1. Could you tell me which residue of the stretch 162-181 is farthest from Glu148 (Cα to Cα), considering only residues that are of a type in the set (Asp, Glu) and open to solvent by 80 Å² or more (accessible area, probe 1.4 Å)?
2. Could you list, in sequence order, all residues of the stretch 131-161 that are open to solvent by 60 Å² or more (accessible area, probe 1.4 Å) and of a type in the set (Val, Ile, Thr)?
3. Across the stretch 183-205, what is the total count of residues that are closer than 18 Å to Pro103 by Cα and more than 14 Å from the chain's Cα centre (by Cα)?
4. Within the set of pairs 6+ apart or on separate chains, which have a first residue in the stretch 137-152 that is more than 19 Å from Cys73 (Cα to Cα), a second that is among the aliphatic types (A, V, I, L, M) and modelled with pLDDT of 95 or more, and C-beta atoms under 6 Å apart?
5. For the stretch 80-89, enumerate the residues that are loosely packed, with under 14 Cβ neighbours inside 10 Å and without any contact (Cβ under 8 Å) to a residue 40 or more places away in the chain.
6. Somewhere in the stretch 94-114, is a residue open to solvent by less than 40 Å² (accessible area, probe 1.4 Å), of a type outside the set (A, V, I, L, M, F, W, C), modelled with pLDDT of 95 or more and within 25 Å of Ala135 (Cβ to Cβ)?
7. Within the stretch 182-207, count every residue that is in a helix (DSSP H, G or I), open to solvent by 10 Å² or more (accessible area, probe 1.4 Å) and touching a strand residue (DSSP E or B) at 6+ places or on another chain (Cβ under 7 Å).
8. What residue, among those in the stretch 43-79 that are within 25 Å of Pro210 (Cα to Cα) and among the hydrophobic types (A, V, I, L, M, F, W, C), is surrounded by the fewest Cβ atoms within 10 Å (Cβ to Cβ)?
Amino acid sequence: MQAAIPITREYTVPLAIFDLDNTLLGGDSDHSWGEFIVQNNIVDAQAYQAQNDRFFNDYLAGRLDIEIYLNFCLQLLAEHPQAQLDEWHGRFMAEMIEPIILPQALTLIDKHRQAGDTLMIITATNRFITGPIAARLGIDILLATECETAEGRYTGRTTDIPCFREGKVTRLERWLVENEESLDGSYFYSDSHNDLPLLSMVDHPVAVDPDDTLREHAQKHGWPVLSLRG
C-alpha cells in the first residue's frame, strides 16, 4: 500500500533528494543503456550483454566493484565522437527512458517543487547517461558519477569520487559546504540498500519500491515505504 508522505515546511529551504534508477524510473538507466547498445549492434552483443548482466546482478547483491564496472562501461564513450554519442543518446531517451518514466514520480517531484523545496538527483550512474534524464524530469541539480573529457572527447575514465554508496555521502557533503546548504528538513527517496548511508543522514528517509534489505530496514526503523508504480 502506498504511504502518504507529508511534506513539511522548515525555516530553511529543504532539499528533496531523489535516487534515479528504480526510484524515479521504473528501471535502471545504466543497465538500459547497455541493452540499447547491444540491441543496436554498437558493441559485441553476446560478450557485452553477459558482462552487463553480471555487473547489474552484483549491484543488486551489494557486491559491485564500482571501479571495475566504470572501466567497462565508459570505454565505449572514448571510442566514439561526441556527435555520434549524442545521436545514440537521443534515440536511447525515446526508446528506453520515456517508457519507464513513472507518472507518480513526476507527481512527487512536482509536489516538492510546489512546496518550494530544492530538487536534486543523486545517482551512481554516469553523467553522460543521466544528464539528459535529469533535464527531462525538470531537475537542475545532479550529482552523478563524472566522466573525464579531454579535447572535446571522453577519455573512458572517471573523474572525482564515484557517486556510489558512501561516495554519495561524500559528494553530497561537499556540495552542501560549497553551496552553504544543510540537510535540515531534507528528504531522500531511494529503492536500494546501497543508499542506506545517505538515507540514514536525512530527516525524512523514504524507501521507494524498495529491495528486500531496504524494506526490512525501513520497517524496523519506522521509515515510510512508498510505491510510485501504481
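The values are calculated or read from the model by the stated rules, or taken from the named source; none is laboratory data. Every value quoted in this text rests on a predicted model; they were computed, and no experiment measured them. Here the Cβ positions follow ideal geometry from the backbone for every residue, glycine too, while neighbour counts run over all protein chains shown. Only protein heavy atoms, including side chains, enter the accessible area calculation; ligands, DNA and RNA are left aside. Shrake-Rupley method; radii C 1.70, N 1.55, O 1.52, S 1.80 Å.
1. At the first step, the residues of the stretch 162-181 found to be of a type in the set (Asp, Glu) are 166, 173, 178, 180-181.
This time we only want the ones that are open to solvent by 80 Å² or more (accessible area, probe 1.4 Å), so: 166, 173, 178, 180.
Numbers: Glu166: 21, Glu173: 22, Glu178: 21, Glu180: 26 Å.
So, considering only residues that are of a type in the set (Asp, Glu) and open to solvent by 80 Å² or more (accessible area, probe 1.4 Å), the one farthest from Glu148 (Cα to Cα) is Glu180.
2. Thr149, Thr159, Ile161
3. 0
4. From the stretch 137-152, the pairs are Ile139/Leu119; Ile139/Ile121; Ile141/Met120; Leu142/Ile121; Leu142/Ala134.
5. Once the filter is applied, which keeps residues that are loosely packed, with under 14 Cβ neighbours inside 10 Å and without any contact (Cβ under 8 Å) to a residue 40 or more places away in the chain, the stretch 80-89 yields Ala83, Gln84, Asp86, Glu87.
6. For the stretch 94-114, residues open to solvent by less than 40 Å² (accessible area, probe 1.4 Å), of a type outside the set (A, V, I, L, M, F, W, C), modelled with pLDDT of 95 or more and within 25 Å of Ala135 (Cβ to Cβ): present.
7. 0
8. Out of the qualifying residues, it is Ala61.
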